[in-house]
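The values are calculated or read from the model by the stated rules, or taken from the named source; none is laboratory data. From a predicted model like this one, the values you see are computed outputs, not experimental measurements. Counting neighbours? That spans all protein chains shown, and the Cβs are built from the backbone with ideal geometry, glycine included.
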Amino acid sequence: MVCGGFQCSKNALIALNSLYIIVALILIIVPSVAKTQAYVSSLYIVGGIIACGIFLMFVAIIGLVGAAKHHQVCLFFYMVILFLVFLIQFSVSIACLSLGDNQRQGLIEKSWNSASESTLNDIQRSLHNGNGCCNLYKNVTGYPDIQTVPCEGLPCCEGNATCPKCPQCFDKLDFLWENGLHISGGVGLFFSFTEIIGIWITFRFRNQKDPRANPNAFL
């Protein structure tokens, strides 16, 4: 059977959604382990990543059921959901790749101000190879609108309450954000094209006849 036939389309959909299930399991398991090992203490971050994994798992299961049973309704809703995900993911990926320095700084400041104290403590403790950093900017008086948190207990403080040797967190965060946005944008752009392929395969598969069924019945 040439690729593009009924069985080939079915196997391609099953393989694609099996890949999505693997990614979903990674999104569900890794944050849970990180929380257990105290790498991340914020329940909001862990919960958000797990929720994304559960949603991806739900979409993949719809695709698997539709592919296995040639179920028209499941395949239709799978196409619609996948198309919406493609639009969102493609737009976000392009935005990540085109973000400028000033825009990135604004996002870092907003994210810092909206984070909980436990999340900021995790950030301060983990940056600069575990030696720590203190607050977003060194001169906190020059940025009255930026949230500040205590830095005592960080290795870079060396027992000093004012922590003069601790670098500011912005420099490291800006570097990580720049690399992270480029990597996330590239990966997101790549996976958005796999979603387009999935939509195309699903569309073809919905309109193909099952050779094992009644040849006069168009499923």
Discussion item. Please determine whether any residue of the range 148-162 is closer than 30 Å to residue 74 by Cα and part of a loop (DSSP other than H, G, I, E, B).
Written reply: no
Item to complete: Being touching a Leu at 6+ places or on another chain (Cβ under 6 Å) and surrounded by 19 or more Cβ atoms within 10 Å (Cβ to Cβ) is the filter; apply it to the range 129-159 and report the residue that is modelled with the highest pLDDT.
Response: 133
Worksheet item: Just a yes or no: is a residue in the range 102-125 in a helix (DSSP H, G or I) and within 17 Å of residue 17 (Cβ to Cβ)?
Response: no
Fill in: Failed condition for residue 215, given (1) modelled with pLDDT of 85 or more; (2) exposed (fewer than 12 other Cβ atoms within 10 Å of the Cβ)
(1)
Worksheet entry | Where a residue in the range 157-183 is over 18 Å from residue 127 (Cα atoms) and its partner, wherever it lies, is surrounded by 13 or more Cβ atoms within 10 Å (Cβ to Cβ), with Cβ under 8 Å and at least six apart | 182/96; 182/97
Item to complete: Check whether at least one residue in the range 117-132 is acidic (Asp, Glu) and either touching a Pro at 6+ places or on another chain (Cβ under 9 Å) or farther than 30 Å from residue 72 by Cβ (or both), and report yes or no.
Response: yes
Item to complete: All but one of (1) under 22 Å from residue 102 (Cα atoms); (2) part of a loop (DSSP other than H, G, I, E, B); (3) touching a helix residue (DSSP H, G or I) at 6+ places or on another chain (Cβ under 8 Å) hold for residue 144, so report the exception by its number.
Response: (3)
Worksheet item: Hey, does the range 53-62 have a residue that's over 20 Å from residue 15 (Cβ atoms) and touching a Cys at 6+ places or on another chain (Cβ under 9 Å)?
Response: no
Worksheet item: Looking at (1) crowded, with 17+ Cβ neighbours inside 10 Å; (2) touching a residue at least 60 places away in the same chain (Cβ under 8 Å), which is the one condition that is false for residue 92?
Response: (1)
Practice prompt. Please tell me if residue 183 is touching a helix residue (DSSP H, G or I) at 6+ places or on another chain (Cβ under 7 Å), of a type in the set (A, V, I, L, M) and assigned to a helix (DSSP H, G or I).
Written response: no
Practice prompt. Identify the residue in the range 102-125 that is among the charged types (D, E, K, R) and in contact (Cβ under 8 Å) with a residue 60 or more places away in the chain and, among all such residues, is surrounded by the fewest Cβ atoms within 10 Å (Cβ to Cβ).
Written response: 104
Worksheet item: Would a scan of the range 186-204 turn up a residue that is of a type outside the set (Phe, Trp, Tyr), more than 30 Å from residue 20 (Cα to Cα) and at pLDDT 85 or above?
Response: no
Discussion item. Let me spell it out: the conditions are (1) surrounded by fewer than 20 Cβ atoms within 10 Å (Cβ to Cβ); (2) among the hydrophobic types (A, V, I, L, M, F, W, C); (3) under 18 Å from residue 206 (Cβ atoms), and residue 60 meets all of them except one. Which number is the exception?
Written reply: (1)
